[in-house]
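Beneath this line is the structure, given in structure tokens, with notes to follow.
Taken together, the values in this text are just the output of simple stated rules run on the coordinates, not laboratory data. Everything numeric here is computed off the predicted structure, so don't read it as measured data. Reconstructed Cβ throughout: ideal geometry from the backbone, glycine too, with neighbour counts over all protein chains shown.
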Amino acid sequence: MLKSRKSRPEPANPNRTYSSVEVSTLASVSLRQLQWWDERKVVSPRHEGHRRIYFPAEVIEITVIAELRRKGFSLQKIRRVLRFLQKEMGKRLGDLTQAGSDLHLVTDGKAIYLEDRHERIIDLLKNAHQPMFLVCVSDQARRLDEVTRKPVRVENGLARRFRAG
């Protein structure tokens, strides 16, 4: 698994709100799907009369949930991920995008992993308390390049042979 560190875009204005129509378009889901997720408390926006008002963190959650659903993950599995993030990490999906966040979701299409530290990944769907640890091969290669190489010593007997020859 190769992963490059990209600079993150500036976080969205936290005071900006989005309508159901905007969120539906951004996440490529139907308005009925948004309503259903609200009714099931998957993502609960603020209500102003009959209108749903979404904050950026909620929009991010919806877009990630929609993408995971398109990848074939059940809503039950996605809820487990959301619960783990909230209970164990004190975070929401939207928090993963904030500047300085070292949390990343990674999937192979069957499992959903959370990279919570630079060298640790947690399988959120199996045993969240048994992390996997990463060894970065490129970091090891960089360490090798950083070592200043000492000149090779030629043995005394060998040096005499070359001078005599």
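Would you please give the residues with an amide H less than 5 Å from that of V43, counting only those at least 5 places away or on a separate chain, with H modeled from the backbone geometry?
Amide H to amide H, under 5 Å and 5 or more residues apart or across chains, V43 pairs with D38.
What is the distance, in nm, between label points placed 7 Å from the Cα along the Cα-to-Cβ direction at Q76 and at V137?
3.8
Cut-off is 10 Å between beta-carbons; in what order do E48, E88 appear when sorted fewest neighbours first?
Details: E48 9, E88 14.
The order, fewest Cβ neighbours first, is E48, E88.
I need the calculated FRET efficiency for the pair D108 and S30, taking r as the beta carbon distance and R₀ as 25 Å, to the nearest 0.05. Spell out each step's value before the answer.
Numbers: r = 28 Å, r/R0 = 1.12.
Efficiency at R0 = 25 Å is approximately 0.35.
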